[in-house]
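Structure first, then comments.
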Amino acid sequence: MAKNDQKTQDSAAKPELEFGRVWRYEQAPEATDHVTIAPRHELFVDGAWTKPKSGEHFATIDPATEKTLSEVAQAGDKDVDAAVKAAQRAFPKWKALSGEDRARYLFRIARILLERAREFAVLETLDNGKPIKETRDVDVPLAAQHFFYHAGWADKLDLLFPGQTPAPLGVVGQVIPWNFPLLMAAWKIAPALAAGNTVVLKPAETSPLTALRLCEVLQQAGLPPGVVNVITGDGRTGQALVRHPGLAKVAFTGSTEVGKEIQKAVAGRGVELTLELGGKAAHVVFEDAALDQAVEGVVRGIFFNQGHVCCAGSRLLVQESVHDLFVEKLQRRMARIRVGSPLDKNTDMGAIHSKAQLARIRELCAAGAEGGASMHQAACDLPGKGFWFPPTMFTGVSMSHRIAREEVFGPVLAVLTFRTPEEAVEKANNTSYGLSAGIWTDKGARILWCAERMKAGVVWNNTFNRFDAASPFGGFKESGFGREGGRQGMRAYVKLEGGLLPG
Ligand code: TAP
């Protein structure tokens, strides 16, 4: 182990796995920490595993070791077309099922996911680099919760939209990112199916394994062929999917840049669109807040999932009177964050997801230091292999710094100050994003005053990064539009016919 050594190796290593070999994690040699990974994965189209027409596959690696986990199919235009056609064929029958029958499938999927929770948690940790305690306690249970929750709506759509007749849209193309691969798949698939739509899902190139394993769960649950199709590939596959004329709706989560491209690609086609994009959330700490609790909230807000979180609290706005004390407390807390093997149950922060993401984090940190902000990094021993970055905080940051404006998508906190609530709100809103925000104060009236004025889709009070399937999630401005979760999330997957009430 070399201190803060972030050397990387060529990630295009040859696959080393044979079929059915048990993958063991070298740094955490517990015999129970294993999952079986096939050396090659095909596309899931029309309920069956299908080879890509091109015959091309690419490697997906463990970012903590840079070892190849498996090879995954590269779907081309013809594969995308076959997947959309399978979903089109399945749509009339799926739509015609009673809500109660659709709910039965969703409940079954949720139960099987929980039965296989350990396997999914380990697989997600291997393919993504996030700590096992997060995949075990957050990603997998929340993914199951989304299926349970939406199963509950499948036979109550009339109650959800009273006075109107909700109908499914058709085939939905869904493109998801790498930061919460299984959870994002569940967020997208569960409401779509509950409403009677069929799906073609494209997972991120660098973290496709849990979405593919979810297909096994769908098969186990007896989901009819073609209702969900999963096609793997890079950005070209996503591009071919969102441009396919057979789609009724596109749902995308990822970068603002790609979101804008997708918006152009679907413009004028009568395709419904929801975009959940980037963020640069302000985490506002007032002098009257319970500071020790706020420190925990700020740490959770930025270092959870290595900061690879669209709603991460990456801008800390702390009231000037408590700035020095709060920063000192944060530094002490950061020194106790355990960075290391993602499969170790004690690890707080795992590996950075990819070499490219590590390069972006380094670039933005270098820009912060060059711009005159002071960088504080927790001293920790980082493994020699894999992609790693220590918990990092910048003080002396101004709004003109790139680290205060751009989404780093890594474990990097930018600290700014404010004097009055008005200034806090003004600085919080001084961003092109509008996904989330956090407020720490002892005064209820101040929470309401700030929350009303903050232009963010989600505002957490005296907590941060809490998620629930019943709670709508989504942004304003360059963070996108449309909501996922809750009644609002279901609204994005139906068209409303008749009735006098607005949708
Ligand atoms: P994106 O490029 O936005 O990737 C998200 C998904 O879109 C992936 O499945 C991607 O495929 C696919 N995609 C890429 N180009 C596409 C296109 N032209 N049309 C349709 N689909 C396309 O994100 P990224 O490259 O993984 O990360 C880049 C930056 O985006 C990060 O540094 C971070 O700041 C931000 N990001 C934000 C979020 C959220 S949740 N807001 C999530 C991830 C990343 P590939 O995987 O093959 O590229």
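The values are calculated or read from the model by the stated rules, or taken from the named source; none is laboratory data. It should be emphasised that the depicted structure is a prediction, and the values quoted were computed from it without experimental measurement. A quick note on method: Cβ atoms are made from the backbone with ideal geometry, for glycine too, and the neighbour counts reach across all protein chains shown.
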Within the stretch 216-291, considering only strands (runs of 3 or more DSSP E) that don't extend past its boundaries, which have at least 1 residues that are of a type in the set (D, E, K, R), over 30 Å from Val322 (Cα atoms) and within 13 Å of the ligand (Cβ to nearest atom)? 272-276
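Is it the case that Lys130 is in a helix (DSSP H, G or I) and basic (Lys, Arg)?
No; evaluated as a whole, the condition is false for this residue.
Consider the stretch 181-207. How many of its residues are in a loop (DSSP other than H, G, I, E, B) and within 17 Å of Gly238 (Cα to Cα)? Full working, then the answer.
Of the stretch 181-207, the ones in a loop (DSSP other than H, G, I, E, B) are 195-197, 203-207.
Imposing the further condition that a residue be within 17 Å of Gly238 (Cα to Cα) reduces the set to 203-207.
Final tally of qualifying residues: 5.
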Scanning for something touching a Gly at 6+ places or on another chain (Cβ under 9 Å), under 20 Å from Ile61 (Cα atoms) and either within 16 Å of the ligand (Cβ to nearest atom) or in a helix (DSSP H, G or I) (or both), does the stretch 114-122 turn up at least one residue? no
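Quick grid of which residues meet (1) more than 22 Å from the chain's Cα centre (by Cα); (2) acidic (Asp, Glu); (3) modelled with pLDDT of 95 or more:
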{"position": "Arg338", "(1), (2), (3)": "yes, no, yes"}
{"position": "Gly350", "(1), (2), (3)": "no, no, yes"}
{"position": "Ala369", "(1), (2), (3)": "yes, no, yes"}
{"position": "Pro383", "(1), (2), (3)": "yes, no, no"}
{"position": "Phe394", "(1), (2), (3)": "yes, no, yes"}
{"position": "Ile403", "(1), (2), (3)": "no, no, yes"}
{"position": "Leu413", "(1), (2), (3)": "no, no, yes"}
{"position": "Thr417", "(1), (2), (3)": "yes, no, yes"}
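Please pick out the residue among Leu201, Leu183, Leu159 that is more than 10 Å from the ligand (Cβ to nearest atom), among the aliphatic types (A, V, I, L, M) and free of Cβ contacts under 8 Å to residues at least 40 places away in the same chain. Spell out the reasoning first.
Working: Leu201 fails: more than 10 Å from the ligand (Cβ to nearest atom); Leu183 fails: free of Cβ contacts under 8 Å to residues at least 40 places away in the same chain.
None of the others qualify; the one that does is Leu159.
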Considering (1) within 11 Å of the ligand (Cβ to nearest atom); (2) touching a residue at least 40 places away in the same chain (Cβ under 8 Å); (3) not small (Gly, Ala, Ser), say which one Leu209 fails and leave the rest. (1)
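Which count do you get for residues in the stretch 212-228 that are without any contact (Cβ under 8 Å) to a residue 12 or more places away in the chain and surrounded by 24 or more Cβ atoms within 10 Å (Cβ to Cβ)? Break it down into steps so the answer makes sense when it comes.
The first filter runs over the stretch 212-228 and keeps only residues without any contact (Cβ under 8 Å) to a residue 12 or more places away in the chain, leaving 216.
Still in the list and also surrounded by 24 or more Cβ atoms within 10 Å (Cβ to Cβ): none.
Of the residues in that region, 0 qualify.
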Among residues of the stretch 453-471, those that are in contact with a strand residue (DSSP E or B) (Cβ under 9 Å, 6 or more places away or on another chain) and either surrounded by fewer than 18 Cβ atoms within 10 Å (Cβ to Cβ) or among the basic types (Lys, Arg) (or both), counted: 7
All conditions in (1) among the basic types (Lys, Arg); (2) without any contact (Cβ under 8 Å) to a residue 24 or more places away in the chain; (3) under 30 Å from Arg118 (Cα atoms) are true of Arg333 except (2)
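What number of residues in the stretch 266-294 are acidic (Asp, Glu), more than 15 Å from Val458 (Cα to Cα) and under 27 Å from the mean Cα position of the chain (by Cα)? Lay out the reasoning, then the answer.
Step one: list which residues in the stretch 266-294 are acidic (Asp, Glu), which gives 272, 276, 287-288, 292.
The next check asks that each one be more than 15 Å from Val458 (Cα to Cα); those that pass are 272, 287-288, 292.
Now restrict to residues that are under 27 Å from the mean Cα position of the chain (by Cα): 272.
Count: 1.
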